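K.L.:
There's a structure below that I have some questions on.
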Amino acid sequence: MAATATAPTQADKTAIAGPGSPRKARSFKQRALTPYAMLAPGIVLFLVFMAAPIAYTLVLSFQQKKVSGLGLGKGAQSTVFAGFDNYIRSVTDPEFTASVLRVLTYGAILIPLMLGFALLFALLLDSRRTRAGNFSRTAIFLPYAVPAVISSLLWGFLYLPGVSPFHFVADRLGIALPSLLNPDLITFAIANIALWGGVGFNMIVMYTSLKAVPQEIYEAAKLDGASEIQTALRIKIPIIAPSVVMTALFSMIATLQVFAEPTTLRPLANSLSTSWSPLMLVYRDAFTRNDIYSAAATSIIIALATFAISFLFLRIVQKRAFGQEN
Amino acid sequence: MRSSFRAGAAAMMAAAALLTAGCSTGSGTSTVEQNTDPNQKVELTYWAWAPNLDKVVDIWNEKNPNIHVTVNKQDGGDPAITKLLTAVNAGSGAPDLIQAEYQKIPTLVAADALADLSGTDAKDTKEAFPEAVWNSVTLGGDALYAVPQDTGPMAFYYRADIFERLGLAVPTTWDEYAAAAKTVHDADPEAYLGTFSSNDAGWFTGLAQQAGASWWAIDGDAWSVKIAEDPTEKVAGYWGGLVEQGIIDNKPMYTPEWNAALNNGKQVGWLSAAWAPGVLSGNAGATAGKWKVAPMPQWDSAKPATGNWGGSSTAVTSQSKNVAAASKFASWLNTDPEAVKALVDVAGIYPADTEGAKTALTKAPEFFSNQPDFYDVVGEAAQSVTSFSYGPNVNVAYNAYNDQFAKAAQAKTKSAFLDAVAGMQQVTVDDLKKTGFTVK
């Protein structure tokens, strides 16, 4: 600030002394600083809201609470350096391994179904014979606008045999429906909620990239005698492959982070534990067990794993999906 | 162009500086300066979640212009405690007073979050409370960590109309309860006398407490955990047997399905606490006048006992600069006849103060207008609450209850229920040891 205030007087002096190099130097310095000033808001926001919390999580993950004796009263508790203890405990915790396996099963059910439906709907909407396209598009997209907690509550009502209209109708017809909240079916029940909410979003991404395809290609295909289905399979899908890959990546990340659906359904049934998914485990450690340090270590592991899986996936599919762009 | 940009940047930096300044003055001012002069004004903040508590506090503020209390409404027991623990870790930001459930007190004491009130007026309130309640605010030692506010003595609620139709007598022992459960379920395969809820650790604690359990104990300078012992195993085995026979439901309470079952007579009874009328009128309003309350079924009719489900106290935090004034307020709030009456009338709690409960609770709640002696039954139950000690990791034990008993209720076998008790014990002890507590 002080430099800014004195700058004009200096400039006046150089003006009196005559035009020369000092003036040039100042404008050069100013020019050099300008990009940094422009970047400052972004950098500050990144440091405050991204880098600092991550750094703090890292610090926490290497600490633990230690008490002595009864642990009551002043000075009985202290925070000590834990080394890799928290990490070792997280990785070797059978509950953590079990939650990872559950989420992988959940992803194996959800992702193919969600992307399959999204692709199917996008192609149907894009085909020339579609009627009421705008309405259908909105109708398919709408569930995405419903927050996951709300949709889980809605589906929870529909799943509970005592209040579900499906069970009511089935009972009247003399059919015994199994409860989707049973331990064998609960993964499907959760995947169904995510499917309901997620198809619309992925469909819009694919549909948008279909719209960007030049019409001439379709005309050429038509002239060559290709049917709608052949056009879809041989032209449309290969062209929009990059966006399919992208939606697959997003879906994988979302799968690893599943939290709202099982957390909302948990109080309704005995089949979900408080450590059903890895993030639920983190939440439980941090807020139910007041062990923020273990939670921090598990979070770091999940973040690294997510990063590694995304990277690996892109490496594997990149050549095939984006090959034609180069 | 350039100079206007510079002016903009300067303004932005100034604004940022102001913002940070604003932040730093905003935090850490919830406590006030040390006060020695009795005529000097004292400002106290009070975190609480009981409904309409601010209206009770208004009475105090009117009478005590020098000690002004501001209620800061909280979302509930768990979030308030999490916030307090964060403030204690941070070294500032805690209120003067906090509403703390009994099972949270050892955790708070372990985190050095509560002030010892044994040197203040609050120690004179001892006579006002049942001994079991007083023990849970002293942890059985010489210190005093809070003044009891309300309790949840458990009782048995049942649909009197359905009992009459089935010709059932009110069960007075657990054997009779099991027989009644069978009759109810045999008469209507969709109806149950009750449900075993894996969601409500506090409920199961109350049942175990009735049977004589006390899950933690201080043994010299070590903690001992006594979950996997006879009383709790007896209770878990009993319920596991009922669930295995299929005469008691295994689904959690407080679900839309459970609410519907309370309404349409498929849940015929509910083992609950003194605050049940509020829940029933909210969740099953259409059944008003059809319910009645009776004492809990007993293990030993010669020695009637009951447990507590819920209940909280008023504690002074370790960051308060006005412990004496805060303690004076806490004593008034929970033992002054006018305050206790107001707590009952506007906050709808069941007071821990024995005399206060007797004088304030005369008329049965509206939902139970068919049973004029409602509070005689509940009041008698409150007298037979047995002592129960909580430990420093109740949160871990309760969480273990949720997970272990969810599995057991799903498995529907008596042996799974007994395994769940062993699992709770294991998780609770492991957690204590991991943190460094001495465990016997």
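Where a number appears in this text, it was derived from the coordinates with a stated rule and is not lab data. Predicted model only: the values in this text are computed from it and were never measured. Cβ sites come from the backbone with ideal geometry, for glycine too, and all protein chains shown count toward neighbours.
K.L.:
Report the far tail of the P(r) of the range B:291-440, meaning the percent of Cα-Cα pairs longer than 22 Å. Could the numbers behind the result be given before it?
P.N.:
Working: 7014 of 11175 pairs.
Summing the P(r) of the range B:291-440 above 22 Å gives 63 percent of all pairs.
K.L.:
For a quick size check, give me the Cα extents of chain B along its three principal axes, largest first, whole Å.
P.N.:
For chain B, the Cα spread along each principal axis is 87, 57, 49 Å.
K.L.:
Cα centroid distance between the range B:147-166 and the range A:44-100, in Å?
P.N.:
44 Å
K.L.:
Please give the contour-minus-distance gain from residue A:215 to residue A:173: 0.36 nm per residue of separation, less the Cα-Cα distance, rounded to one decimal in nm.
P.N.:
Numbers: separation 42, 0.36 × 42 = 15.12 nm, distance 5.10 nm.
The span from residue A:215 to residue A:173 would gain 10.0 nm if fully extended.
K.L.:
Using a 7 Å offset from the Cα along the Cα-to-Cβ direction at both residue A:316 and residue A:105, what is the distance between the two label points in nm, to one decimal?
P.N.:
Each label point lies 7 Å from its Cα, and together they span 2.1 nm.
K.L.:
Next question. How fast does the range B:255-336 diffuse by Stokes-Einstein, in µm²/s, taking the Kirkwood radius from C-alpha pairs at 25 °C and 0.890 mPa s? Show your work: numbers first, answer last.
P.N.:
Working: Rh = 16.5 Å.
Roughly 149 µm²/s, to the nearest whole number.
K.L.:
Also: Which entries of B:126/B:358; B:292/B:363; B:182/B:292; A:74/B:226; B:73/B:328 show an alpha-carbon separation above 23 angstrom in the structure shown?
P.N.:
Working: B:126/B:358 17 Å; B:292/B:363 15 Å; B:182/B:292 20 Å; A:74/B:226 26 Å; B:73/B:328 21 Å.
Cα-Cα > 23 Å for A:74/B:226; rest within.
K.L.:
Ignore the peptide's own chain and count Cβ atoms of other chains within 10 Å of each Cβ in A:59-72; give me the average, rounded.
P.N.:
Averaged over the peptide's residues, the number is 5.
K.L.:
Something else about it: Would you calculate the separation in nanometres between label points at residue A:28 and residue B:286, each defined as 7 Å from the Cα along the Cα-to-beta-carbon direction?
P.N.:
A separation of 8.6 nm, rounded to one decimal place.
K.L.:
Additional query: Cut-off under 17 Å on the C-alpha distance; same-chain residues fewer than 8 positions from residue A:236 excluded. Which lysines are left, in chain and number order?
P.N.:
Within reach: A:211, A:222.
K.L.:
Report, as a whole number in µm² per second, the diffusion coefficient that Stokes-Einstein gives for the range A:151-214 at 10 °C and 1.306 mPa s using the Kirkwood radius over alpha carbon pairs. Mind showing how you got there, number by number?
P.N.:
Working: Rh = 13.8 Å.
The calculation lands on 115 µm²/s.
K.L.:
For labels at residue B:127 and residue B:61 in the simple 7 Å Cα→Cβ model, what's the distance in nm?
P.N.:
It works out to 3.3 nm between the two label points.
K.L.:
Report the one residue of A:213, A:148, A:134 whose Cα lies farthest in the direction of the positive end of the charge dipole of chain A (charges on C-beta: Lys and Arg +1, Asp and Glu -1; origin at the Cα centre).
P.N.:
A:213
K.L.:
Taking a point 7 angstrom from the Cα of residue A:226 along the C-beta vector, which residues in the range A:117-145 have backbone N less than 20 Å away?
P.N.:
Only A:119-130 fall inside the zone, counting backbone N under 20 Å.
K.L.:
Once R0 is set to 45 Å, what does the formula 1/(1 + (r/R0)^6) return for the Cβ-Cβ distance between residue A:88 and residue A:196, expressed as a FRET efficiency to the nearest 0.05? Could the numbers behind the result be given before it?
P.N.:
On the way: r = 39 Å, r/R0 = 0.87.
Using R0 = 45 Å, I get an efficiency of 0.70.
K.L.:
Still on this structure, please answer the following. Inside 10 Å of the C-beta atoms of B:195-207, what's the mean count of C-beta atoms belonging to other chains? Please list the in-between numbers first.
P.N.:
Numbers: counts 0, 1, 2, 4, 5, 1, 0, 0, 0, 0, 0, 0, 0.
For peptide B:195-207, the averaged partner shielding equals 1.
K.L.:
If you take the charge dipole of the protein assembly as shown about its Cα centre, with +1 on Lys and Arg Cβ and -1 on Asp and Glu Cβ, which of B:374, B:158, B:422 is farthest toward its positive end?
P.N.:
Of the options given, the answer is B:422.
K.L.:
I would also like to ask the following. Please give the charge dipole size of chain A, origin at the Cα centre, charges +1 on K and R Cβ atoms and -1 on D and E Cβ atoms. Round to the nearest 20 debye.
P.N.:
I would put it at about 1080 debye.
K.L.:
Just want to confirm a number: the relative contact order over chain A, from Cα pairs under 8 angstrom separated by 6+ residues, in percent. Present the calculation step by step, with values, prior to reporting the outcome.
P.N.:
On the way: 290 pairs, mean separation 77.0, N = 326.
Answer for chain A is 24 percent.
K.L.:
In nm², what is the average projected area of the convex hull enclosing the Cα atoms of the range A:93-325?
P.N.:
On the way: hull surface 63.6 nm².
Reported value for the Cα convex hull: 15.9 nm².
K.L.:
For n ≥ 4 DSSP H runs only, could you compute -39500 (n - 2.57) per run for chain A, divide by its residues and tell me the 222 nm figure to the nearest 500? Kindly include the intermediate steps, with their values, before the conclusion.
P.N.:
Details: 15 runs with 220 residues, N = 326.
Taken over chain A, the calculation gives -22000 deg cm²/dmol.
K.L.:
Reachable aspartates and glutamates from residue B:434, Cα under 16 Å, same-chain residues fewer than 8 places away excluded?
P.N.:
A:85, A:93, A:285, A:291
K.L.:
Continuing with the same structure: How big is the shadow of the Cα convex hull of the protein assembly as shown, averaged over all directions, in nm²? Could the numbers behind the result be given before it?
P.N.:
On the way: hull surface 186.2 nm².
The orientation-averaged projected area of the Cα hull of the protein assembly as shown comes to 46.6 nm².
K.L.:
First measure r as the distance between the Cβ atoms of residue B:387 and residue B:363, then evaluate 1/(1 + (r/R0)^6) with R0 = 41 Å and state the FRET efficiency to the nearest 0.05. Please report the intermediate quantities before stating the final value.
P.N.:
Working: r = 31 Å, r/R0 = 0.75.
Approximately 0.85, to the nearest 0.05.
K.L.:
For the range B:199-302, what is the convex hull volume of the alpha-carbon atoms per residue, in Å³?
P.N.:
Details: hull volume 14.5 nm³, N = 104.
For the range B:199-302, the hull spanned by Cα atoms encloses 139 Å³ per residue.
K.L.:
How many Å³ per residue does the convex hull of the Cα positions in the range A:70-181 occupy? Write down the numbers at each step before the final one.
P.N.:
On the way: hull volume 30.6 nm³, N = 112.
Convex hull volume per residue, Cα atoms: 273 Å³.
K.L.:
If the chain between residue A:303 and residue A:37 were fully stretched, how many nm would it gain, using 0.36 nm times the residue separation less the Cα-Cα distance? Before the final figure, lay out each step's value.
P.N.:
Details: separation 266, 0.36 × 266 = 95.76 nm, distance 3.16 nm.
Computed gain between residue A:303 and residue A:37 is 92.6 nm.
K.L.:
Apply the membrane-span-like helix rule to chain A: whole DSSP H runs, Cα extent along the own long axis of at least 24 Å, mean Kyte-Doolittle hydropathy at least 1.0. List the helices found. Intermediate results must be reported in sequence, preceding the final value.
P.N.:
Numbers: long enough: A:21-46 (38 Å, 0.05); A:94-126 (47 Å, 1.63); A:186-211 (37 Å, 1.24); A:292-322 (43 Å, 1.45).
Going by DSSP H runs, the hits are A:94-126, A:186-211, A:292-322.
K.L.:
Once all Cα-Cα distances of the range B:212-367 are split into 10 Å bins that start at 0, what whole-number percent is in each one?
P.N.:
Reading upward from the zero bin: 8, 24, 31, 26, 10, 1.
K.L.:
Name the residue, out of B:327, B:313, B:301, whose mean-square fluctuation peaks in a Gaussian network model built on chain B with Cα pairs under 10 Å.
P.N.:
Looking only at B:327, B:313, B:301, the biggest GNM fluctuation is shown by B:301.
K.L.:
Hey, if you put +1 on the Cβ of every Lys and Arg and -1 on every Asp and Glu Cβ in chain A, which of A:79, A:94, A:69 ends up farthest toward the positive end of that dipole?
P.N.:
Result: A:79, furthest along the dipole toward the positive end.
K.L.:
Placing unit charges on C-beta atoms (Lys and Arg positive, Asp and Glu negative, everything else neutral), compute the dipole magnitude of the protein assembly as shown about its Cα centre in debye, rounded to 20.
P.N.:
Details: 57 positive and 63 negative charges, 856 e Å.
With only Lys, Arg, Asp and Glu charged at Cβ, the dipole is about 4120 debye.
K.L.:
How high is the relative contact order of the range B:182-261, in percent, with contacts defined as C-alpha pairs under 8 Å that are six or more residues apart?
P.N.:
On the way: 73 pairs, mean separation 31.6, N = 80.
Worked out over the range B:182-261, it gives 39 percent.
K.L.:
If you don't mind, there's one more thing I want to ask. What is the set of long-range amide H partners of residue B:306 at a cut-off below 5 Å, with H atoms built 1.01 Å from backbone N?
P.N.:
B:385, B:386
K.L.:
Okay, moving on. In peptide A:186-194, what is the residue-averaged number of other protein chain Cβ atoms found within 10 Å of each Cβ? Don't skip to the answer; put the middle values down first.
P.N.:
Values: counts 0, 0, 0, 0, 0, 0, 0, 0, 0.
Mean inter-chain Cβ contacts per residue within 10 Å come to 0.
K.L.:
What is the percent of Cα-Cα separations in the range A:49-110 that go past 15 Å?
P.N.:
Details: 1307 of 1891 pairs.
The answer is 69 percent, as a whole percent.
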